[in-house]
Amino acid sequence: MPIRPNNLTTMSATIAGAASFVNRCPRAELRATIVFESGYRQVVEESNGHPLARGQGGIVAMETSEDTRYTLFGGATCHPTLALRSGRGPVQFPTPVRAGSIILE
């Protein structure tokens, strides 16, 4: 189905309005402290993909606020096919997770 010019104008205005609303909404601070098997603690802030420390063993716990979502990835890149675990809030893993990167949301 072709997009008509008058529909395109309406869609563009709707998207622009939604984007400006999202930018005005207050966001909780995105921060997580990742605890490794070795005891090393890495603090990660912001939502961009972050590489995790190497040579510290697997992740045994994550300390975050209740509303912070996370996704752990098996490689240095945050590619969806490499996703290992995801969840929300603080967590302790019964088996260490060998992750290479993380995204906070």
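The values are calculated or read from the model by the stated rules, or taken from the named source; none is laboratory data. Fair warning: this is a prediction, and the values are worked out from it, not measured in the lab.
Restricting attention to the stretch 41-64, the residues that are within 12 Å of Gly87 (Cα to Cα) and either of a type in the set (S, T, N, Q) or under 10 Å from the mean Cα position of the chain (by Cα) (or both) add up to 1. From the list Thr68, Thr14, Thr77, Thr33, the lone residue that is at pLDDT 95 or above and polar (S, T, N, Q) is Thr33.
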